1. F575 - would you say it is over 44 Å from the mean Cα position of the chain (by Cα) and not acidic (D, E)?
2. Sort through V243, V212, V196 and tell me the only one that's in contact (Cβ under 8 Å) with a residue 40 or more places away in the chain, more than 23 Å from K448 (Cα to Cα) and buried (at least 21 other Cβ atoms within 10 Å of the Cβ).
3. Name the residue, out of R682, R671, R648, that is surrounded by fewer than 20 Cβ atoms within 10 Å (Cβ to Cβ) and basic (K, R).
4. Looking at region 357-397 only, could you name the residues that are in contact (Cβ under 8 Å) with a residue 60 or more places away in the chain and not in a loop (DSSP other than H, G, I, E, B)?
5. Residue by residue through region 434-450, note down the ones that are assigned to a loop (DSSP other than H, G, I, E, B) and surrounded by fewer than 20 Cβ atoms within 10 Å (Cβ to Cβ).
6. Would you pick out the residues in region 137-155 that are surrounded by fewer than 24 Cβ atoms within 10 Å (Cβ to Cβ), among the aliphatic types (A, V, I, L, M) and under 25 Å from the mean Cα position of the chain (by Cα)?
7. Among (1) buried (at least 21 other Cβ atoms within 10 Å of the Cβ); (2) among the small types (G, A, S); (3) touching a Pro at 6+ places or on another chain (Cβ under 9 Å), there is one condition G311 misses while meeting the rest; what is its number?
8. Quick one: is E598 within 24 Å of the chain's Cα centre (by Cα), at pLDDT below 95 and within 24 Å of P265 (Cα to Cα)?
Amino acid sequence: MINEQLINPKSIVVVGGSDDIQKPGGKVLKNLLDGCFAGDLFVVNPKAENVQGAKTFKSVEDLPQVDLAILAIAAKFCPASVRELAENKGTKAFIILSAGFHEESEEGARLEQEIVDIINANNGCLIGPNCVGVMNSNHQGVFTTPIPKFDPMGVDFISGSGATAVFIMESGIPNGLTFSSVYSVGNSAQMGVEDVLKYLDETYVEGKSSKVKLIYVESINKPEMLLKHASSLISKGCRIAAVKSGSSEAGSRAASSHTGALASPDVAVEALFRKAGIVRCGGRQELSTIASIFMHPELKGKNIAVITHAGGPAVMLTDVLSNNGLNVPPITSPKAKNLLEKLFAGSSVANPIDFLATGTAQQLGDIIDACENDFDEIDAMAVIFGSPGLFPVYDVYEVLDRKMKECKKPIYPILPSVINVKDEIEAFLAKGRINFPDEVVFGAALAKVYNTPKPAVLDADSYSLDVAKIRKVVDEAENGYLLPEKVQELLDAAGVPRAKEMVVDTPAACVAALNEIGYPVVMKVVGPVHKSDVGGVVLNVTDQETALKEFERMMKIKDTTAILLQPMLSGTQLFVGAKQEGDFGHLIFCGLGGIFIEVLKDVTAGLAPIGINEAHDMIHRLKSYKIIAGARGQEPVNEDQYAEIIARVSALCKVAPEIFEMDINPLLGTRDKVVAVDARIRIEK
């Protein structure tokens with residue numbers, strides 16, 4: 001757990017500090033000195049009497065009591081230093097910059113675990129090893145630059161990669177982005193990204209803590225913790241954006257079922273972020289742009305006024321907003337004519353509002369006032385104002401700053417002339433403002449923020465499942481696919497409606513089943529995974545002679561143990577699936593069923609538990625949703641029943657976490673009902 005000694009230490013020692021500022025030990029010491037650390041600052045260096053003017057000791061044994069130790073020494077020397085500091089010097093916080101631990105070798109992993117054990121035994125906290133450090137307004141315990149401007153309301157930034165943290169800051173700082181704290185967790189030996197986020201959540205104080213959190217992560221080791229505390233922070237009014245790298249499908253594991261083939265670690269991450277309300281970013285520039293958007297008032301609606309004195313950028317911004325779910329609506333208010341009279345001839349207030357290259361600061365103010373007070377259809381303003389370099393534009397940016405203070409609607413400044421009016425932009429940023437130099441990057445980021453849903457309700461709706469029956473089936477089962485009759489028992493116990501079906505393995509049993517079910521019927525092989533691929537599905541069998549002939553043929557198909565008979569039903573083919581994804585728990589999937597799942601691959605995923613509202617959202621996000629809703633006169637699917645089945649499958653997986661993969665494919669949906677026609681369940685204990 002992060003402690004006060006890490007955040008606001010009264011004393012710091014740099015073990016391995018030196019005069020060479022091109023090495024980590026020297027550079028971190030310089031950053032601490034340049035940042036005017038207010039406490040006692042010590043150095044341990046056996047070869048120097050005085051390092052950069054700081055009080056220097058030959059060994060850690062010679063040190064007084066110290067709160068925070070920053071280690072920049074070889075990995076093999078770290079455990080002994082940590083032990084002396086933790087056990088004899090009262091040190092409760094450690095930042096280990098050194099590499100050479102579990103990322104390099106088994107011996108390094110052993111050293112890393114030894115350090116963690118020592119620190120844990122002494123109730124301390126550890127950042128790293130193999131990291132660039134931690135910095136905030138109290139101390140800059142990092143060996144890198146840039147050192148950002150610190151502001152309590154700036155960004156809290158947590159990164160699993162030191163170099164990437166540097167590059168992300170370099171992307172945001174020039175545009176005015178400020179920071180409250182930066183954590184580079186490195187190997188995350190004791191605490192990872194999730195633990196730092198937990199600390200930020202548990203110590204959040206309204207009005208005093210930053211509302212903006214950024215994350216760069218390469219692996220999520222504690223997804224439940226991340227989900228809990230991200231959702232909690234967002235419910236408190238915070239906003240979170242993250243980059244999760246390593247998203248390629250090459251990382252997917254081979255699996256035998258449809259669901260297994262659809263699942264991948266990145267699908268789980270996507271589902272987790274969506275459930276938590278985290279805005280997922282694809283790279284550094286997008287992350288820093290979205291952080292900058294977060295520093296402005298929240299966008300409450302989708303209608304944007306584009307205010308410009310240059311046509312091209314306004315068109316490009318309008319395109320990207322319109323193509324990503326936001327609107328640049330025509331302004332039809334009667335008061336638009338009043339505004340037009342205040343602008344030069346040739347100006348337009350249609351939206352984009354173009355007040356020409358000769359537009360003045362006064363006119364910009366008039367336009368913003370009209371959007372704020374007269375044009376009720378407008379939810380926010382994007383102001384594009386650069387310069388060809390003919391005259392200064394300090395007055396324009398002064399007006400823009402003043403209006404941003406006065407207006408309740410968000411105003412996003414897009415100031416593209418970073419060379420021609422460099423000084424004016426710097427003056428604007430010095431007022432605490434942020435610039436978006438590229439309108440297209442800004443527009444795409446704004447749309448992504450707006451389209452990211454709020455955190456889902458974490459507790460699923462309660463359903464009457466027969467828990468005892470479910471547990472009996474699962475407890476008695478061996479690893480592998482359940483027999484059809486056991487699948488039926490689980491579906492019935494979970495309350496998932498299914499078509500009547502009978503499993504037969506002799507001609508006599510087949511005739512008896514046909515007499516009970518009636519015609520027409522569907523015949524399916526029991527055993528092969530992909531039945532259609534091996535000729536193991538026959539539809540619309542209308543007589544006994546055909547049925548027995550097909551029975552004889554199908555029983556000869558490889559791996560077939562029996563034949564499943566069902567009444568021939570009609571309806572839209574649907575799919576619901578589940579997949580166990582390690583520490584993430586179960587992913588729940590839905591989409592069109594039958595062969596469409598393989599051809600279209602149009603599925604959405606959610607992270608269990610899934611409630612009814614989240615299930616409806618999953619259905620609505622399908623590209624094929626119009627088919628489910630009844631496009632072009634087709635019969636619609638009973639969406640409420642479909643959503644309930646999704647939620648019931650989620651609840652089933654909670655009761656039976658041993659379910660490794662589950663396919664209900666297809667379900668048949670009509671206006672009146674949705675029933676499962678075929679299902680497979682794989683158990684792994």
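1. Working: over 44 Å from the mean Cα position of the chain (by Cα): no; not acidic (D, E): yes.
No, not satisfied.
2. Numbers: V243 fails: more than 23 Å from K448 (Cα to Cα); V212 fails: more than 23 Å from K448 (Cα to Cα).
One residue alone meets the criteria, V196.
3. Details: R682 fails: surrounded by fewer than 20 Cβ atoms within 10 Å (Cβ to Cβ); R648 fails: surrounded by fewer than 20 Cβ atoms within 10 Å (Cβ to Cβ).
Of R682, R671, R648, the one residue that is surrounded by fewer than 20 Cβ atoms within 10 Å (Cβ to Cβ) and basic (K, R) is R671.
4. First, the residues of region 357-397 that are in contact (Cβ under 8 Å) with a residue 60 or more places away in the chain: 367-368, 371, 375, 377-386.
I367, I368, C371, A380, M381, A382, V383, I384 - these are the residues of region 357-397 that are in contact (Cβ under 8 Å) with a residue 60 or more places away in the chain and not in a loop (DSSP other than H, G, I, E, B).
5. Our first condition is that a residue be assigned to a loop (DSSP other than H, G, I, E, B); within region 434-450, this holds for 434-438.
The answer is P437, D438.
6. The one that is surrounded by fewer than 24 Cβ atoms within 10 Å (Cβ to Cβ), among the aliphatic types (A, V, I, L, M) and under 25 Å from the mean Cα position of the chain (by Cα): M153.
7. Answer for G311: the failing condition is (1).
8. On the way: within 24 Å of the chain's Cα centre (by Cα): no; at pLDDT below 95: yes; within 24 Å of P265 (Cα to Cα): yes.
No, not satisfied.
The values are calculated or read from the model by the stated rules, or taken from the named source; none is laboratory data. Just so it is clear, the structure is predicted and the values come from calculations on it, not from any experiment. Heads up, the Cβs are rebuilt from the backbone with ideal geometry, glycines too, and the neighbour counts pull from every protein chain shown.
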